[in-house]
C-alpha cells in the first residue's frame with residue numbers, strides 16, 4: 001500500500017506543478033507582427049505636412065472610430081492603414097477639386113500607449129517609444145515587485161483584428177497598444 005500511496009503522491013505533485021505552469025508560447029504571428037509595417041489605430045497621433053500649404057499641415061489624432069478630421073476633405077480613414085497609405089488617401093482627396101498636385105507627408109507623432117499590469121511597482125498606462133522592450137516597459141512601471149516572475153511575461157497584442165496573448169521573454173520588443181502582464185512567481 002505504501003508504494004501505491006507514494007506513486008499517487010508523486011503523480012499528484014507532478015499534476016500540481018504542471019497545473020501551476022501557465023507558460024503559453026506565443027504563436028508565430030505574434031513575433032511576425034514585429035517585422036510588419038506599422039499600422040495605425042485609435043490613440044495614435046500623426047503629423048501631416050502638405051508642402052506649401054501651412055494651413056493644412058498639423059498634428060491629427062486618430063479618434064475612437066479610426067478616423068482623422070482633415071480640413072477641406074473631412075474624415076479620412078486611418079485605422080488599419082500605414083502612414084504611406086494615409087499619404088496617398090489625403091493626396092487623392094485633395095486632388096479632387098482642392099489642389100492641383102499636392103505633396104503630402106505623414107509621420108507618426110505619438111504612438112498609442114502600452115499598458116503594464118501585474119507584479120510591477122506602478123501598474124498603468126505608459127507612452128510607447130520605438131524600440132521599447134518588455135524590460136524597458138517594466139522599468140518605466142517601477143520595476144518588478146519582489147514577488148514577480150522575471151523570466152517571462154504575458155503580452156496581449158491585436159493582430160489583424162484578433163486579440164492574441166502569448167508568453168514571451170522580457171527581452172522581446174513591444175508594439176504600441178500592447179498590454180504586458182507580469183505574473184507572480186510560485187517559488
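The values are calculated or read from the model by the stated rules, or taken from the named source; none is laboratory data. These figures come from a predicted structure and were not determined experimentally. As a convention, Cβ positions derive from the backbone with ideal geometry for all residues, glycine included, and neighbour counts pool all protein chains shown.
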Can you tell me which residues in the range 118-130 are surrounded by fewer than 16 Cβ atoms within 10 Å (Cβ to Cβ) and either assigned to a strand (DSSP E or B) or within 12 Å of the chain's Cα centre (by Cα) (or both)?
124, 125, 127, 129, 130
I'd like to check something: does the range 77-93 contain any residue that is over 29 Å from residue 180 (Cα atoms), in the same structural domain as residue 54 (by TED's automatic domain parsing) and either assigned to a loop (DSSP other than H, G, I, E, B) or under 16 Å from the mean Cα position of the chain (by Cα) (or both)?
no
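Of everything in the range 166-185, what is part of a strand (DSSP E or B) and over 20 Å from residue 136 (Cβ atoms)? Give them in sequence order. Break it down into steps so the answer makes sense when it comes.
Within the range 166-185, the first condition is being part of a strand (DSSP E or B), and the residues that meet it are 166-169, 173, 179-182, 184.
The answer is 184, and nothing else.
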Does the range 147-159 include one or more residues that are within 27 Å of residue 36 (Cβ to Cβ), surrounded by fewer than 18 Cβ atoms within 10 Å (Cβ to Cβ) and touching a helix residue (DSSP H, G or I) at 6+ places or on another chain (Cβ under 8 Å)?
yes
Kindly evaluate residue 69 against the criterion of being exposed (fewer than 14 other Cβ atoms within 10 Å of the Cβ) and outside any loop (DSSP other than H, G, I, E, B).
yes
